[in-house]
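The values are calculated or read from the model by the stated rules, or taken from the named source; none is laboratory data. Quantities reported herein were computed from a predicted structural model and do not represent experimental measurements. Cβ sites come from the backbone with ideal geometry, for glycine too, and all protein chains shown count toward neighbours. The protein model used for the area step is the full one, side chains on, heavy atoms only, and it has no ligands, DNA or RNA in it. Shrake-Rupley method; radii C 1.70, N 1.55, O 1.52, S 1.80 Å.
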Amino acid sequence: MIRLRQLKRVYQEGDAEHVVFADVDLEVAAGEIVVLLGRSGSGKSTLLNLISGIDVPDAGTVEVDATDLTRLSERERTMFRRQHVGFVFQFFNLIPTLSVVENLLLPLELNDKTTSRFTERARRLLRDVGLEGREHAYPDRLSGGEQQRVAVARALVHEPKIVLADEPTGNLDKETGLEILGLLDEQVRSAGTTMVMATHSREVIGMADRIVTFSAGKLVTISGEDLL
Ligand SMILES: Nc1ncnc2c1ncn2[C@@H]1O[C@H](COP(=O)(O)OP(=O)(O)O)[C@@H](O)[C@H]1O
Ligand SMILES: [Mg+2]
């Protein structure tokens, strides 16, 4: 589902070049859950932004479901992302002026998927994440955990090919974080969606099919047992 080849990303800092990573290769199978583990500043968000086509690499290719994003225009990448990618962020990123249900319906509206099958799916997801009855609340009335529940539902409602989660528990207490991980695991697996989750927290290890980390600027697979 995802194939990264020889990816390189460099940031210019004045006259100096800062190589975040080079020669990154990664293949993620359909339905696989890969956890990208690494310290703050190691390049996790940079890598997710390349997979989603928000950012483009300095070298290498990014294929998602056999589409090479590096060959698309920015507008085409935006369309691709809207249709095929779901996101869960550290700071939830719900739209504050929209209610829970409006936030949830937004990906459907952007994709012309407001058919009864999809609105029914939205309703079911809202129930599955435990927010039935809160449909008309605004994000500022919800706890962090509740906001992230909405974000999990929003990431999946339009049936994306891939879900990218960037530190989804980073702004939650441990117990709430574990609840959110459980929910993500359940929803992503039942939908058969491919997921890449970036985190510096080892709590996620249990849900990973595979754990990868940066080592000397490359991505390597590590075993969960090595981390215990
Ligand atoms: N827009 C940017 N301009 C310059 N440097 C950046 C930019 N974004 C990230 N970096 C640098 O790239 C490295 C990786 O950042 P990031 O991908 O955000 O790491 P992580 O998500 O693992 O914490 C860091 O050294 C960071 O300072
Ligand atoms: Mg980050």
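Gap in Å between the Cα centre of the range 33-79 and the Cα centre of the range 197-228?
The two parts, judged by their Cα centres, are 18 Å apart.
Determine the percent antiparallel among the DSSP beta bridges restricted to the range 143-228, to the nearest 5. Let's see the in-between values first.
On the way: 5 of 10 bridges.
About 50 percent, rounded to the nearest 5.
Rank these by accessible area, largest first, 1.4 Å probe: Asp173, Asp65.
Asp173, Asp65
Please give the length that would be gained between Arg124 and Glu203 if that part of the chain were fully extended, namely 0.36 nm times their separation in residues minus their C-alpha to C-alpha distance (nm, one decimal).
Taking Arg124 through Glu203 to full extension adds about 25.7 nm, to one decimal.
Which shape class applies to the chain: rounded if a/c is under 1.5, otherwise prolate when a/b exceeds b/c and oblate if not, where a ≥ b ≥ c are the square roots of the Cα gyration tensor eigenvalues?
It comes out prolate by the Cα gyration axes.
As a test question: what accessible area, to the nearest 10 Å², does Ile95 have when a 1.4 Å probe is rolled over all protein chains in place?
Approximately 60 Å² of Ile95 is accessible to the 1.4 Å probe.
On the full set of protein chains, 1.4 Å probe, figure out the accessible area of His136 and give it in Å² to the nearest 10.
That residue has around 140 Å² of solvent-accessible surface.
Which trypsin sites (Lys or Arg not before Pro) in the range 28-95 sit in a loop by DSSP (not H, G, I, E or B) and have at most 10 other Cβ atoms within 10 Å of their own Cβ?
Of the trypsin sites (Lys or Arg not before Pro), the ones in loops of the range 28-95 whose Cβ has at most 10 other Cβ atoms within 10 Å are Arg39.
Taking a 1.4 Å probe, which of Asp226, Asp128, Asp68 shows the most accessible area, and what order do the others take after it? Present the calculation step by step, with values, prior to reporting the outcome.
Values: Asp226 115, Asp128 65, Asp68 25 Å².
These residues rank, largest area first, as Asp226, Asp128, Asp68.
With the other protein chains left in place, how much accessible area per residue, in square angstrom, belongs to the chain at a 1.4 angstrom probe?
I get 48 Å² per residue for this part.
Rank Arg154, Arg117, Arg202 by mean-square fluctuation in a GNM of the chain with C-alpha springs under 10 angstrom and give only the top-ranked residue.
Arg117
So for Val101, Val34, what's the accessible-area order with a 1.4 Å probe, most first? Please report the intermediate quantities before stating the final value.
On the way: Val101 35, Val34 0 Å².
Greatest to least solvent exposure: Val101, Val34.
How big is the antiparallel share of DSSP beta bridges in the chain, given as a percent to the nearest 5?
Close to 55 percent.
Carbon-plus-sulfur fraction of the accessible area of the range 2-227, 1.4 Å probe, in percent?
Details: 4850 of 10830 Å².
Heavy-atom surface of the range 2-227 belonging to carbon and sulfur, 1.4 Å probe: 45 percent.
Just name one of Leu26, Val10, Ser42: the one whose Cα is farthest towards the positive end of the charge dipole of the range 1-45 (beta-carbon charges, Lys/Arg +1, Asp/Glu -1).
Leu26
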